[in-house]
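J.: The structure follows.
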Amino acid sequence: MFGSMMFMMAGLLPVQGLLGGGLAPSRGVAASASRAAVDMKVFDWKVRDAPPPELETITLGSLKPAPGSHQKKTRKGRGVSAGQGVTCGFGNRGQKARAGSGTRPGFEGGQTPLYRRLPKWVGKPTGPGHTKKIYGLVKLSMLNTQPEGSTVDYAALIESKAATKDKFKLKKVVSSPGGLTVKGLTVKAHAFTESAKTAIEANGGTCVLLSPTTQLPIEA
């Protein structure tokens, strides 16, 4: 009986050796993986969800770009393995792969382009060579700040601080709530609405139409 027990123990020893030998590398791999996780470099894409720093803590020495916003410049034509070699992203042959621009804006390969397929608004031409007149508006309430019987243009309104400078060279007088209360004004502008012109003339004033090019009065 003692001999049989010794035989069974001798049979188990190789199995335990195999199990021990199989488990030892797994423990080593786990330990190396944990160390690698600690020592791994944190790239930009791993901190994109991090909250921004407090504004009071930012200094000139701690400024840095937002995570993921700074990318390395792509070097093209430096080998296939670089990702942008050989054709540099322009494909194999064709009009768009040649030097210079490919096609003009709006070109659709010969078929009727979109800007010609759409219906046109009669009386409102579009496309190159057509411009739209945009006026800076002068309300009748601005004219109420001027003395009676005076000559008013946009420069006079700016001088009296009734208006401020704007980017529009052409001025158009329009009506406003309350209407015009000052009498005898001579108003110079590039355009007048019918209601504004009627209000000025009803108070004994005069509307002087200016040329958009020479800025001089247009003879009636």
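Where a number appears in this text, it was derived from the coordinates with a stated rule and is not lab data. These numbers come from a predicted model, not from an experiment. As a convention, Cβ positions derive from the backbone with ideal geometry for all residues, glycine included, and neighbour counts pool all protein chains shown.
J.: How many nm is it between the label spots at N144 and C88, if each spot is 7 Å from the Cα in line with the beta carbon?
T.: 6.6
J.: Any idea how far the Cα center of segment 150-220 sits from the one of segment 50-104, in Å?
T.: Using only Cα atoms, the two centres lie 54 Å from each other.
J.: In whole angstrom, and with the biggest value first, how far do the Cα coordinates of segment 157-220 range along each principal axis?
T.: Sorted from largest, the Cα extents of segment 157-220 read 30, 29, 18 Å.
J.: Next question. Any idea what the alpha-carbon Rg over 2.2 N^0.38 Å comes to for segment 78-220?
T.: That works out to 1.86 for segment 78-220.
J.: Quick check on the exposure proxy: order L114, L185, L209 from fewest to most C-beta atoms within 10 angstrom.
T.: If I rank by nearby Cβ atoms, fewest first, I get L114, L209, L185.
J.: Taking the Cβ of S62 as the centre, find all other residues whose Cβ is under 13 Å away and add up their charges (Lys, Arg: +1; Asp, Glu: -1).
T.: Net of charged neighbours comes to -1.
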